[in-house]
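Read-outs: derived from the displayed coordinates by stated rules, not from any lab. Every value quoted in this text rests on a predicted model; they were computed, and no experiment measured them.
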């Protein structure tokens, strides 16, 4: 009897494949275990806050502006103390305000159109805060017939002005540049003219600053302050070109009705009830 071994081998292979196919099972899916919180406890989700690297950081100018904005008002004591600082100085121990109704102001020398504009704008501001004494609507040009005369001269010429001890020189503490020259003997009675000499070599904001400071000196503000950086009377700045809010309050106080020419520092302290803090 002959066997067909080739056919037999093929049949055995087919049989084995069928057996494997019938006995294999589908792969099982294992359920994912879910954590169950213990009874009586509450799961608290955590939150992670990521700061962006592009978060804007405020600049020094923005911080300064914000600080100034936040200080929207000043107390009466703040204003009174500031007034004392700027109304008295090394050369004045009494109030030297003008008492007449109209105080004429003139310019002469090497003044500019910008100087005229600066002064005329200040006149309007002053008149809005002064209750009695007024400045003219416009400054007189090239005339000396006024209560206050601002004479603009180059620094080389200013050195010839200081002829006696009654004249004082305002200088830049770092460069020794002359700002203006003024006389310390105020004489408001008798119709005399008060002349102040300004360095015409000054430029830009520095020039504007000292033009206003020199006029404010003649109006009774010879002092300085180290408290308010935005004040035109700040001792560490010569680029502030306008009166700050507290400066205007002090101006209003000076040219109100309570304070009169010749009052001493002690009289002012008693009048304004300035504390010692």
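What to note about this one:
- C-alpha center-to-center spacing [region 199-252, region 97-153] in angstrom: 16 Å
- DSSP bridge pairs, region 164-277: antiparallel proportion in percent, nearest 5: 90 percent
- Rounded to whole Å, sorted largest first: equivalent-ellipsoid semi-axes of region 168-277, Cα gyration tensor: 25, 19, 12
- Across the alpha-carbon set of region 86-138, the Rg to Rh ratio works out to 1.03, Rh being the Kirkwood radius.
- Convex hull (Cα only) mean projected area of region 74-272, reported in nm² to one decimal: 10.5 nm²
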